[in-house]
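*Asks:* One structure, as structure tokens, below. Some questions next.
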Amino acid sequence: MLDLKFVVANAEAVKQNCRNRNVSPDVIEDVDRAVALEGERRSLLQTVEEIHRRQNEVAQATGREREPQKRSALIEEGKRLKSEVADLEERLRRLEAELTQRLRRVPNLTHPDAPLGLNEDDSREIRRVGTPRTFDFKPKDHVELGKDLDLIDFETAGKVSGNGFYFLKNDAVLLDLALQQFAIRKLIEAGFTPIVTPDLARNNILEGIGFTPRGVETQVYSIEDTELSLIGTAEITLGGMHADEVMAEHDLPVKYVGLSHCFRTEAGAAGRASRGLYRVHQFTKVEMFAFCTPEASSAIHAEMLAIEEDLFAALGIPFRVLDICSGDLGGPAFRKFDLEAWMPGRGMHGEYGEVTSASDCTDYQSRRLNIRYRPSGQKGTRFVHTLNGTAIALSRALIVILENYQRSDGRIDVPEVLRPYVGKDVIG
């Protein structure tokens, strides 16, 4: 969340940022309410501190007083002050809880270079890498290829788990595992520490990262009668690893590459663009996450984007890079870049579809999770900056490999960089 002092001092700018990010009007009302609550909090806190000061005076005077009548009056005043301050402190706790709740709904600030806009159509294309393949036959989409080669089974998964799930079979399993190995080894070479994370996290960790674990707006599965939810991304578990910790500046940056299953309730959107593996309830993902000083934040964001580009360039997949507009950023992100890979089976003649994103969340998540660092040679602590980026979302990576590497005879070439892991050159 944003710094309260900043919100109070820059309320109009914060509200305009909310409008630019296309949030609901009641969030803008939260800004005004937060400013009002902070005024009440300061006044109430001053009153409480004044009562505590008087309590100390009364306690000292009671200890010195020898006259029974005066001593009795002081004791009665002490009792009255104790009751009065208890009521005020409870009111203060309720007020601070509401203030925090209101602030948590306000999105992060927006990078001044991010394009202004309401939805994904307003994002800015930065560059294109690679040229989409021209086929001398009618290409199939990954659903057809998966069925023809017995690689993906949606029907049986629908019977077992419901719509939005799938079984990977035969060489698709080898390809999935190959992509995991390929991505993780590349990230280890880049200085990231490999982590296999839990698939569940406490709800306060989800909220700290910026997810809503319960309610109509949630996109995650909650576990009944517990304070746990299935994670939608390893960003949640990796970010929560250092909650309520103070890190040393000389240990930063800390960079993790996490492997986890991901669970989303959002599957089932209508249209061919969401067909098959593109939008599912469960998938595996290799995720980058970093903790750093504010000064290093921008450089690490650029590093994550470069890694994503290197991975898909090495796989031989054409892609484009987008600078995501303000209205499509999501609450925690200060700036976000997406990679959209070429999917020959999407649309009438092929289209780009999102495969990765890289977000700089500044200190928005670390304030919520209370993750700080101690600057060398300085007093006090500062909030770290957090960043996250998709290395490989396996379900979507499978789409682009199957569709881009299909052959006229119905088989599929294995990208050269994956052949040592798959153990063969051709699938089917």
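*Asks:* What are the residues in segment 329-349 that are touching a helix residue (DSSP H, G or I) at 6+ places or on another chain (Cβ under 9 Å) and within 21 Å of Met288 (Cα to Cα), if any?
*Replies:* Restricting attention to segment 329-349, the residues satisfying the condition of being touching a helix residue (DSSP H, G or I) at 6+ places or on another chain (Cβ under 9 Å) are 331-339, 341-347.
Once the filter is applied, which keeps residues that are touching a helix residue (DSSP H, G or I) at 6+ places or on another chain (Cβ under 9 Å) and within 21 Å of Met288 (Cα to Cα), segment 329-349 yields Gly331, Pro332, Ala333, Phe334, Arg335, Lys336, Phe337, Asp338, Leu339, Ala341.
*Asks:* Out of Asp310, Asp323, I need the residue that is under 18 Å from the mean Cα position of the chain (by Cα) and of a type in the set (Asp, Glu). Which one?
*Replies:* The match here is Asp323.
*Asks:* Ok, one more. Among the residues that make up segment 191-200, is at least one of them at pLDDT 95 or above and assigned to a helix (DSSP H, G or I)?
*Replies:* Looking through segment 191-200, none of the residues is at pLDDT 95 or above and assigned to a helix (DSSP H, G or I).
*Asks:* Still on this structure, I have one more. Please find, among Gly63, Gly78, the residue that is touching a helix residue (DSSP H, G or I) at 6+ places or on another chain (Cβ under 7 Å), open to solvent by less than 90 Å² (accessible area, probe 1.4 Å), more than 25 Å from Asp32 (Cβ to Cβ) and without any contact (Cβ under 8 Å) to a residue 60 or more places away in the chain.
*Replies:* Numbers: Gly63 fails: touching a helix residue (DSSP H, G or I) at 6+ places or on another chain (Cβ under 7 Å).
The conditions single out Gly78.
*Asks:* Given the criterion open to solvent by 40 Å² or more (accessible area, probe 1.4 Å) and either small (Gly, Ala, Ser) or without any contact (Cβ under 8 Å) to a residue 60 or more places away in the chain (or both), identify the matching residue among Asp150, Asp199. Walk me through it before giving the result.
*Replies:* Numbers: Asp199 fails: either small (Gly, Ala, Ser) or without any contact (Cβ under 8 Å) to a residue 60 or more places away in the chain (or both).
One residue alone meets the criteria, Asp150.
Yes/no matrix, rows are residues, columns are (1) charged (D, E, K, R); (2) modelled with pLDDT of 95 or more:
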residue: Asp360; (1), (2): yes, yes
residue: Asn370; (1), (2): no, yes
residue: Gly377; (1), (2): no, no
residue: Arg396; (1), (2): yes, yes
residue: Val400; (1), (2): no, yes
residue: Arg411; (1), (2): yes, yes
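*Asks:* Next up: Out of Leu103, Leu92, Leu109, which single residue is assigned to a loop (DSSP other than H, G, I, E, B), under 25 Å from Val31 (Cα atoms) and of a type outside the set (Lys, Arg)?
*Replies:* None of the others qualify; the one that does is Leu109.
*Asks:* If a residue must be of a type in the set (Ser, Thr, Tyr), in contact with a Phe, Trp or Tyr (Cβ under 9 Å, 6 or more places away or on another chain) and surrounded by fewer than 24 Cβ atoms within 10 Å (Cβ to Cβ), how many such residues does segment 377-410 contain? Working first, answer last.
*Replies:* Restricting attention to segment 377-410, the residues satisfying the condition of being of a type in the set (Ser, Thr, Tyr) are 381, 386, 390, 395, 405, 408.
Narrowing further to those that are in contact with a Phe, Trp or Tyr (Cβ under 9 Å, 6 or more places away or on another chain): 381, 386, 395, 408.
Cutting the leftovers down to surrounded by fewer than 24 Cβ atoms within 10 Å (Cβ to Cβ) gives us 381, 395, 408.
Count: 3.
Residue-wise test of (1) surrounded by fewer than 18 Cβ atoms within 10 Å (Cβ to Cβ); (2) within 30 Å of Thr47 (Cβ to Cβ).
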{"residue": "Glu89", "(1), (2)": "yes, yes"}
{"residue": "Val106", "(1), (2)": "no, yes"}
{"residue": "Arg133", "(1), (2)": "yes, no"}
{"residue": "Lys159", "(1), (2)": "yes, no"}
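Conditions (1) within 29 Å of Met241 (Cβ to Cβ); (2) not acidic (Asp, Glu), marked per residue:
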residue: Thr134; (1), (2): no, yes
residue: Asp141; (1), (2): no, no
residue: Asp153; (1), (2): no, no
residue: Ser161; (1), (2): no, yes
residue: Asn170; (1), (2): no, yes
residue: Gln180; (1), (2): yes, yes
residue: Lys186; (1), (2): yes, yes
residue: Pro194; (1), (2): yes, yes
residue: Ala201; (1), (2): yes, yes
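*Asks:* Looking only at segment 314-343, count every residue that is open to solvent by less than 10 Å² (accessible area, probe 1.4 Å) and out of contact with any Ser or Thr (no Cβ under 8 Å at 6 or more places or on another chain) and tell me the total.
*Replies:* Total satisfying the criteria: 6.
*Asks:* State whether one or more residues within segment 287-297 are surrounded by fewer than 16 Cβ atoms within 10 Å (Cβ to Cβ) and modelled with pLDDT of 95 or more.
*Replies:* Filtering segment 287-297 for residues surrounded by fewer than 16 Cβ atoms within 10 Å (Cβ to Cβ) gives 294-295.
Next, from what is left, pick out any that are modelled with pLDDT of 95 or more: 294-295.
Yes, the conditions are met somewhere in segment 287-297.
*Asks:* Restricting to segment 163-187, give me the number of residues that are out of contact with any strand residue (DSSP E or B) (no Cβ under 9 Å at 6 or more places or on another chain) and at pLDDT below 95.
*Replies:* Residues that pass the stated criteria total 1.
*Asks:* Residue by residue through segment 144-172, note down the ones that are more than 22 Å from Lys424 (Cα to Cα) and assigned to a helix (DSSP H, G or I).
*Replies:* Phe154, Glu155, Thr156, Ala157, Gly158, Lys159, Val160
Yes/no matrix, rows are residues, columns are (1) modelled with pLDDT of 95 or more; (2) more than 21 Å from Ile392 (Cβ to Cβ); (3) open to solvent by 50 Å² or more (accessible area, probe 1.4 Å):
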| position | (1), (2), (3) |
| --- | --- |
| Leu230 | yes, no, no |
| Gly239 | yes, no, no |
| Ala243 | yes, yes, no |
| Glu249 | yes, yes, yes |
| Gly258 | yes, no, no |
| His261 | yes, no, yes |
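The values are calculated or read from the model by the stated rules, or taken from the named source; none is laboratory data. Small disclaimer: the values here were computed from a predicted structure and weren't measured. Methodologically, a virtual Cβ is constructed for each residue, glycine included, from the backbone with ideal geometry; neighbour enumeration extends over all protein chains shown. Keep in mind that these areas ignore ligands, DNA and RNA; they rest on the heavy atoms of the full protein, side chains included. Shrake-Rupley method; radii C 1.70, N 1.55, O 1.52, S 1.80 Å.
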